[in-house]
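Below you'll find the structure, written out as structure tokens, and then a few comments.
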Amino acid sequence: MNHRMSNIITILAAVGVIYAVFFIVPPAEGLGEKVRIVFFHIPAAWVSVMAFVLSALWALRYLNTHQMEYDRKSATAAGLGFFFCLLATISGALFAKITWGAYWNWDPRQTTIFILLLIYGASFALRTAIDDTEQRAKISSAYSLLAIVVMPFLVFVIPRYYFSLHPSPVINSAAKIAMDPVMLYTLIAALLVASALFRQLFIYYIERTRRRDLAQKDSPEGGGRL
Amino acid sequence: MHTKKLTWPNSAWAILYKDLLCEFRTRYALGTLTMFTLVTLSGISMTLAGAAISSSIAAMLLWIILFFCAMAGLARTFVYEQEAGTLFTLRLYANGQAVLAGKLLFNILLLQLVTALLIPLFLIFLNIEVHLWSQLVYVLFFGTVGVAAVATLTAFMVSCTNAKGSLFTVITFPLLLPQFLTAIAATGQILADTIPGWNECFFLAGYDATVIAAASLLFDYLWYD
């Protein structure tokens, strides 16, 4: 299947999921119509975590092989992870305003996601401050791996130590899924579509970066930034 | 010429000794950190003008001073080597792990000295009484070890960049935040005469162990070309 075809399928699936979220999913008990934000918020958060983990894995591969392709993949995944993390933060803030009365109240999960944004924002600042391509790839790979080591402390430890208004995860510690079946299937579909969207964007940006790198290599000056 | 190959621990001690000797001769880092501490502390104390503050705000101020003191001096360990042109020599003579260990020990020692200087002044200027000294020492020790561990690795990273000073704080702060928040919470409890829970104590020690292990694993990738 070529990239254009998978783009069309992803867009159609996204339209289907949006339709299901607004016209098929019933209002939730207690939350009413507000529950629909969850179908954007959870997939965005899921994709951002997946992207950061992939970025770290490619960073590790770069450090072991020194092939620039892995650095390209790691940087692209981190960039997309940051974008989806921003979407999760905004959708979470909207949900917080509707349900708790304020966009931001430093709930442990808001703190966690804010620190994640800071970490990856800092990693982009680090990347732009290094001119040498190999040095940049090496140092930002190491920083990405250090960030992924810190991430469990943020994602799993801090929210469990402090009181949180944030609802329990869908799959909680008791391993019970507390959700209406229609909602659950829609959420699973939304997760799959968000993952597919990430894949399509990832392929697009990787190709674009590769073409730019080749063009810079062929140009009389050579080198240049990623 | 007789050359003697140093073992790993001896190399680390030699690097620590060299840094201590350089520091003793120039007194740059300790002097800067001490003055930074005094300036910040006097600024806070003068602004408060004797007004009472809650234990959680006092804890927050204490850790903010400690963090920015660390940021003012810890980057120097590697930036100085880079600027003086001795980083290459260090690469020739010592292995990565020994350099990391030596630099980390130096940074830990430096931060402990600054903390030992800051704490009595902080308690006097802000008129705070502490009854749980052993718990405070535990939190301060493990908190500053974490700061030193992350800062040693990020100091090496920024020594290879174009924007050394400003970037050091930018890339170190987010990585330290989980430990920073826990240390502030635990110190706040101690200043309010409440013994912090095991959660905080394990978190601080666990974070230190994790970042030291990660720094050790990653440093060789950065050290060797």
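The values are calculated or read from the model by the stated rules, or taken from the named source; none is laboratory data. Since this is a predicted model, take the numbers as computed values, not measurements. Backbone-built Cβ (ideal geometry, glycine too); neighbour counts: all protein chains shown. Please note that ligands, DNA and RNA were not included when accessible areas were found on the heavy atoms of the full protein model with its side chains. Shrake-Rupley method; radii C 1.70, N 1.55, O 1.52, S 1.80 Å.
Just checking, does segment A:5-22 include any residue being at pLDDT below 85 and either among the polar types (S, T, N, Q) or under 11 Å from the mean Cα position of the chain (by Cα) (or both)? No, segment A:5-22 contains no residue that is at pLDDT below 85 and either among the polar types (S, T, N, Q) or under 11 Å from the mean Cα position of the chain (by Cα) (or both).
Only a single criterion out of (1) over 11 Å from the mean Cα position of the chain (by Cα); (2) modelled with pLDDT of 90 or more; (3) of a type in the set (Ser, Thr, Tyr) is not satisfied by residue A:89, namely (1).
Would you confirm whether any residue within segment A:147-168 is open to solvent by 20 Å² or more (accessible area, probe 1.4 Å) and modelled with pLDDT of 85 or more? Break it down stepwise before answering.
Step one: filter segment A:147-168 for residues open to solvent by 20 Å² or more (accessible area, probe 1.4 Å), giving A:148-149, A:152-153, A:155-157, A:160-168.
Restricting the remaining residues to those that are modelled with pLDDT of 85 or more gives A:148-149.
Yes.
Scanning segment B:31-50 for residues that are aliphatic (A, V, I, L, M) and surrounded by fewer than 17 Cβ atoms within 10 Å (Cβ to Cβ) yields B:35, B:38, B:39, B:46, B:48, B:49.
Being open to solvent by 20 Å² or more (accessible area, probe 1.4 Å), hydrophobic (A, V, I, L, M, F, W, C) and facing chain B (nearest Cβ under 9 Å) is a condition met by no residue of segment A:91-102.
Restricted to segment B:164-183, and to residues there that are more than 8 Å from every other protein chain (Cβ to nearest Cβ) and surrounded by fewer than 21 Cβ atoms within 10 Å (Cβ to Cβ), the residue that is nearest to residue B:79 (Cα to Cα) is B:164. For segment A:31-41, filtering for residues that are assigned to a helix (DSSP H, G or I) and open to solvent by 50 Å² or more (accessible area, probe 1.4 Å) leaves 3.
Residue by residue, here is whether (1) under 20 Å from the mean Cα position of the chain (by Cα); (2) surrounded by 15 or more Cβ atoms within 10 Å (Cβ to Cβ) holds:
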site	(1), (2)
B:128	no, yes
B:140	yes, yes
B:143	yes, yes
B:159	yes, yes
B:193	no, no
B:198	no, no
B:202	yes, no
B:212	yes, yes
B:223	no, yes
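Cβ-Cβ contacts under 7 Å between residues 6 or more apart (or on different chains), taken from a first residue in segment A:19-40 that is closer than 11 Å to residue A:91 by Cα to a second residue that is modelled with pLDDT of 85 or more and not in a loop (DSSP other than H, G, I, E, B), are listed as A:36/A:22; A:37/A:91; A:37/A:94; A:37/A:95; A:39/A:186; A:39/A:187; A:39/A:190; A:40/A:91. Regarding residue B:202, is this residue within 11 Å of chain A (Cβ to nearest Cβ), at negative phi and among the aromatic types (Phe, Trp, Tyr)? In short, yes.
Take residue B:23 and tell me if it is in a helix (DSSP H, G or I), of a type in the set (Asp, Glu) and either in contact with a strand residue (DSSP E or B) (Cβ under 7 Å, 6 or more places away or on another chain) or open to solvent by less than 20 Å² (accessible area, probe 1.4 Å) (or both). Reasoning before the result, please.
Details: in a helix (DSSP H, G or I): yes; of a type in the set (Asp, Glu): yes; either in contact with a strand residue (DSSP E or B) (Cβ under 7 Å, 6 or more places away or on another chain) or open to solvent by less than 20 Å² (accessible area, probe 1.4 Å) (or both): no.
Taking the combined requirement at face value, the residue does not satisfy it.
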